[in-house]
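Here is the structure we will look at.
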């Protein structure tokens with residue numbers, strides 16, 4: 001079974017942003033970095049550009065649920081950060097899930 005942990009520390013997020021690779025889609029950007037652990041560590045963010053707190057929290061909840069359903073497609077040993085883009089506030093769950101599926105598929109090809 002694949003072990004998944006949450007990224008919580010600001011320095012971990014910054015490390016992934018600074019040293020990792022990123023791939024963008026209409027609703028989501030994914031940043032990933034090899035972490036040399038036998039697990040996936042994942043984080044979800046939405047900046048204030050996305051909207052007020054209710055909209056940002058909804059965006060994070062949608063991304064978490066989509067990730068939960070699609071997490072088996074990823075390789076272990078990576079830190080992954082999903083960043084909500086501004087267009088996510090207009091997205092339905094179905095739209096976001098398709099976007100997440102595309103972006104995870106593209107990212108897993110780049111993961112060595």
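Rule-based calculations on the coordinates, nothing more; no lab input. Values in this document were obtained by computation on a predicted structure and should not be read as measured data. Because the Cβ atoms are built from the backbone with ideal geometry, glycine has one as well, and the counts that use them run over all protein chains shown.
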Original post:
Measuring from centroid to centroid over Cα atoms, what is the spacing of the stretch 92-112 and the stretch 1-69 in Å?
Top reply: 12 Å
Original post:
Listing 44, 82 from the residue with the fewest other Cβ atoms within 10 Å to the one with the most, what is the order?
Top reply: 44, 82
Original post:
Going by how many other beta carbons lie within 10 Å of each one, how would you line up 100, 72, fewest first?
Top reply: 72, 100
Original post:
Roughly how compact is the chain, stated as its Cα Rg over 2.2 N^0.38 Å to two decimals?
Top reply: 0.98
Subject >> Length-normalised contact order of the stretch 4-110 in % [C-alpha pairs under 8 Å, at least 6 apart] >> reply: 37 percent
Subject >> Of all DSSP beta bridges in the chain, antiparallel share, percent nearest 5 >> reply: 55 percent
Subject >> Residues 54, 42 arranged by fewest to most Cβ contacts within 10 Å >> reply: 54, 42
Subject >> Within a Gaussian network of the chain (alpha carbon springs, distance under 10 Å), most fluctuating of 102, 61, 11 >> reply: 11
